[in-house]
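See below for the structure under consideration.
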Amino acid sequence: MKRAANAASLPDIPENVRTAVLTVTARLKDQPGALLPVLHGVQAALGCIPEASVPLIARELNLSRADVHGVISFYHYFRSQPAGRRVIYLCRAESCQAMGAGALEKHVKQRLGVDFHGTTADGAFTLEPVYCLGNCACSPAMMVDDELQGRLTPAGFDAWLAAEKTVAGTT
Amino acid sequence: MSITVYVPRDAGALSLGAEAVAAAIAAGARQRAVDVRVVRNGSRGLYWLEPMVEVATADGRVAYGPVRPADVASLFEADFLHAGDHPLALGPTEDIAWLKSQQRLTFARVGVIDPRSLDDYRTHGGYRGLEAALKMSGADIVQALTDSGLRGRGGAAFPAGIKWKTCLDAQADRKYIVCNADEGDSGTYSDRMIMEGDPFVLIEGMTIAGLAVGASHGYIYLRVEYPHARQALQAAIASAEADGYLGDDVRGCGKPFRLEVRIAAGAYICGEETSLLESLEGRRGQVRCKPPLPAIEGLFGKPTVINNVVTLASVPTILDKGAAYYRDYGTGRSRGTLPLQLAGNLKRPGLVERAFGLTLRELVEDYGGGTASGRPLRAVQVGGPLGAYIPASQLDTPIDYEAFATIGGMLGHGGVVVFDDSVDMAAQARYAMEFCAIESCGKCTPCRIGSTRGVEVIDRIVAGNAAARERDEALLRDLCQTMLAGSLCALGGMAPFPVLSALDHFPEDFAGTADRTAS
């Protein structure tokens with residue numbers, strides 16, 4: 001009963017968002033402390049956690065929208081806007097700094113034409129800073145999706161980028 | 001008979017091309033019709049030699065490295081499958097001096113075994129600690145841990161036995177074991193290496209903790225930046241469940257213990273134990289006030305043992321070999337061994353597990369081999385982003401919790417990051433404040449506001465003249481005192497360490513540009 005009343009008060013939600021959220025919540029909502037696993041699930045399905053999904057997530061987990069919004073905005077990994085097709089996490093932390101991460105960072109930003117948190121105009125890449133990838137014995141490090149790179153140089157980045165563009169061009 | 005070749009699946013080795021090396025070896029073997037079994041082990045921790053390939057021979061394992069995919073053909077030609085000589089040959093792995101001089105207790109199996117194989121784990125002494133624990137009462141297990149002198153390896157160095165005892169004595173219908181695998185400190189990677197290279201040891205340690213304090217459920221809170229560790233842990237948990245090491249009746253002892261991996265979301269503060277608990281409960285990772293201690297009122301309000309990966313992974317050895325065996329390593333109040341992680345600008349970065357008491361100099365010079373750039377060493381940051389910058393003049397400080405406290409530093413999680421003389425220490429101090437501002441949970445004012453003001457003051461110092469610098473330095477030191485004394489947790493409470501140590505040891509880097517251009 002309560003659910004039907006709540007559903008009526010929900011704003012319009014795109015169908016794909018509704019389906020994705022309900023699929024994830026049906027699977028995970030009964031576990032204790034379900035919000036983070038649910039948000040990971042929604043982001044994995046949709047590429048981000050759109051604003052429009054927040055009321056539905058809140059309703060399914062019996063939380064307030066403010067609670068859900070607060071959690072999404074607290075964690076660096078969660079995003080409300082879609083990212084580029086590939087997200088480049090470039091390490092900014094001390095070990096990488098000691099091995100030239102500063103110069104690498106400048107080079108990558110200039111090469112992609114974006115600052116941190118930015119997405120390239122063609123929607124191919126989003127650049128994000130990260131504070132340690134645990135690859136400190138092979139600094140500087142970068143991670144793209146689950147693919148980790150160590151001892152990365154500006155030339156190494158260019159080679160990686162060229163290979164990426166070739167792959168993207170052939171698909 | 002097949003020949004076993006080891007190619008690490010450790011994330012660091014993968015980042016240097018280990019996957020392609022493994023594929024090239026498998027393809028080369030097929031082409032030559034040789035029966036080769038490729039085992040994907042963890043890393044031995046000699047990262048300058050990764051990807052390091054090992055071959056099992058009648059006389060033990062021999063190593064080659066660093067191997068690039070292009071080297072594989074010549075390795076076959078040199079008959080590396082029978083320990084043939086090659087420019088990349090390193091000889092018997094166990095005889096490599098860098099490895100031989102270590103005292104690997106917690107890391108005994110990392111890089112040695114197949115992390116996906118429970119049988120391999122048992123063959124190499126795995127689950128003996130649990131077998132011993134199953135014959136003991138909870139109180140006896142806790143006593144053994146207390147007697148071992150083990151202190152929390154996550155950074156705070158709190159005696160693990162006292163934590164467990166508090167949880168054991170707490171009365172509740174439910175208790176939890178939580179593993180802090182949110183290894184966010186830069187320059188540290190020992191947790192990752194354990195989880196990828198020997199995940200069963202963590203599972204065993206957590207199971208023993210569960211038996212000791214009477215907890216039936218455990219969570220591993222793993223950082224999202226560690227996808228390889230996640231795969232290794234999930235595979236290991238499934239194997240342990242299948243063999244009755246996890247589940248409703250652990251090895252027929254009648255007690256349940258279940259384990260679950262939860263993925264973090266990129267907040268450094270969630271490595272702080274109370275923030276981590278908030279996060280596990282599905283909230284913003286904001287620090288809780290203590291008391292109540294997590295051991296009394298922790299996850300979901302229940303008594304909770306929360307320990308770091310290396311701490312929990314050290315438990316099986318203590319139960320297997322006895323508290324005295326572990327306690328006999330080390331010095332003063334720092335007992336046992338510490339897995340140190342050499343990082344930054346070093347020729348030979350990697351994992352060094354040694355008893356407490358060796359000096360920082362031995363680490364960076366003997367093991368590390370000096371700077372990778374060949375330039376003079378200028379500063380070493382020990383203990384992650386909240387650790388002090390130590391000048392070359394203090395390199396003889398022993399690796400010991402109290403000795404580091406005496407020089408205004410901390411060992412933390414054992415990360416050692418080396419910088420050469422091209423480093424700008426004012427920039428490093430600014431970064432420490434900037435990092436604190438980015439990662440502050442926002443709950444207490446000294447950390448939330450102090451870190452932002454800290455960045456501004458350092459910017460003014462660097463841009464200003466001598467008179468302004470004197471005024472602003474006093475202000476910065478005052479601000480650091482406020483953060484040290486008034487912050488709720490270690491983030492705000494220790495972010496001043498790198499700042500103050502940079503100011504104290506490298507004042508010349510803070511000379512304002514106004515003066516520098518004048519002179």
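Give segment A:112-155 a look and list any residue that's within 9 Å of another protein chain (Cβ to nearest Cβ), open to solvent by 20 Å² or more (accessible area, probe 1.4 Å) and in a loop (DSSP other than H, G, I, E, B), or say none. Across segment A:112-155, the qualifying residues are A:131, A:145, A:146, A:151. Listed by position, the helices (runs of 4 or more DSSP H) inside segment B:406-519 whose residues that are within 12 Å of chain A (Cβ to nearest Cβ), modelled with pLDDT of 95 or more and closer than 30 Å to residue B:348 by Cα number at least 3 are B:425-439. Taken over segment B:184-208, residues that are in a loop (DSSP other than H, G, I, E, B) and at the interface with chain A (Cβ under 10 Å from one of its Cβ atoms) amount to 6. Considering the conditions (1) more than 16 Å from residue B:327 (Cβ to Cβ); (2) touching a Ser or Thr at 6+ places or on another chain (Cβ under 7 Å); (3) not β-branched (Val, Ile, Thr), residue B:169 is excluded by exactly one of them, (2). The residues on offer are B:241, B:225, B:196, and the sole one that is farther than 27 Å from residue B:161 by Cβ, free of Cβ contacts under 8 Å to residues at least 60 places away in the same chain and crowded, with 24+ Cβ neighbours inside 10 Å is B:225.
Whenever a residue of segment B:305-333 is open to solvent by 20 Å² or more (accessible area, probe 1.4 Å), its partners that are part of a strand (DSSP E or B) and hydroxyl-bearing (Ser, Thr, Tyr), lying with C-beta atoms within less than 8 angstrom and at least six residues away or across chains, give the pairs B:329/B:337; B:330/B:337.
Matching residues to (1) out of contact with any Phe, Trp or Tyr (no Cβ under 7 Å at 6 or more places or on another chain); (2) open to solvent by 10 Å² or more (accessible area, probe 1.4 Å); (3) not hydroxyl-bearing (Ser, Thr, Tyr):
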| position | (1), (2), (3) |
| --- | --- |
| B:19 | yes, yes, yes |
| B:25 | yes, no, yes |
| B:29 | yes, no, yes |
| B:32 | no, yes, yes |
| B:36 | yes, yes, yes |
| B:41 | no, no, yes |
| B:44 | yes, yes, yes |
| B:50 | yes, no, yes |
| B:53 | no, no, yes |
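A count restricted to segment B:55-78 and to residues that are assigned to a strand (DSSP E or B) and open to solvent by 10 Å² or more (accessible area, probe 1.4 Å) stands at 5. Once segment B:199-217 is narrowed to residues that are buried (at least 24 other Cβ atoms within 10 Å of the Cβ) and small (Gly, Ala, Ser), the residue that is nearest to residue A:94 (Cα to Cα) is B:205. Each residue in segment B:228-238 was checked for being open to solvent by 10 Å² or more (accessible area, probe 1.4 Å) and within 14 Å of chain A (Cβ to nearest Cβ), and 4 pass. Scanning segment A:52-76 for residues that are in contact (Cβ under 8 Å) with a residue 40 or more places away in the chain, among the hydrophobic types (A, V, I, L, M, F, W, C) and buried (at least 21 other Cβ atoms within 10 Å of the Cβ) turns up just one, A:56. In the set B:288, B:284, B:262, only one residue is open to solvent by 20 Å² or more (accessible area, probe 1.4 Å), within 14 Å of chain A (Cβ to nearest Cβ), farther than 19 Å from residue B:152 by Cα and not acidic (Asp, Glu); that residue is B:284. All of (1) touching a residue at least 40 places away in the same chain (Cβ under 8 Å); (2) outside the structural domain of residue A:41 (by TED's automatic domain parsing); (3) open to solvent by 10 Å² or more (accessible area, probe 1.4 Å) hold for residue A:108 with one exception: (3). Taken over segment B:7-33, the criterion of being within 17 Å of residue B:86 (Cβ to Cβ) and out of contact with any strand residue (DSSP E or B) (no Cβ under 7 Å at 6 or more places or on another chain) is satisfied by B:24, B:28, B:32.
Each residue in segment A:77-100 was checked for being out of contact with any strand residue (DSSP E or B) (no Cβ under 6 Å at 6 or more places or on another chain), surrounded by 21 or more Cβ atoms within 10 Å (Cβ to Cβ) and of a type in the set (Gly, Ala, Ser), and 1 of them qualify. When the strands (runs of 3 or more DSSP E) confined to segment B:315-403 are screened for residues that are of a type in the set (Val, Ile, Thr), those reaching at least 2 such residues are found at B:377-382. Does residue B:63 satisfy the criteria of being more than 14 Å from chain A (Cβ to nearest Cβ), under 27 Å from the mean Cα position of the chain (by Cα) and closer than 20 Å to residue B:201 by Cβ? Here the answer is no, as residue B:63 does not meet what is asked.
Of all residues in segment B:128-150, those that are surrounded by fewer than 22 Cβ atoms within 10 Å (Cβ to Cβ) and not in a loop (DSSP other than H, G, I, E, B) total 10. Assess whether residue B:125 counts as being within 22 Å of residue B:253 (Cβ to Cβ), surrounded by fewer than 17 Cβ atoms within 10 Å (Cβ to Cβ) and at pLDDT 95 or above. Yes, satisfied.
Elements of the type helices (runs of 4 or more DSSP H) sitting completely within segment A:1-51 and holding at least 3 residues that are surrounded by fewer than 17 Cβ atoms within 10 Å (Cβ to Cβ) and at pLDDT below 95: these cover A:2-9. Please tell me if residue A:95 is outside the structural domain of residue A:155 (by TED's automatic domain parsing) and either hydroxyl-bearing (Ser, Thr, Tyr) or at pLDDT 95 or above (or both). For residue A:95, the condition - outside the structural domain of residue A:155 (by TED's automatic domain parsing) and either hydroxyl-bearing (Ser, Thr, Tyr) or at pLDDT 95 or above (or both) - is not met.
The values are calculated or read from the model by the stated rules, or taken from the named source; none is laboratory data. As the structure is a computational prediction, the values presented were derived from the model and not from experiment. So basically every Cβ, Gly included, is an ideal-geometry build from the backbone, and we count neighbours across all protein chains shown. The accessibility values were calculated without ligands, DNA or RNA, using every heavy atom of the protein model including side chains. Shrake-Rupley method; radii C 1.70, N 1.55, O 1.52, S 1.80 Å.
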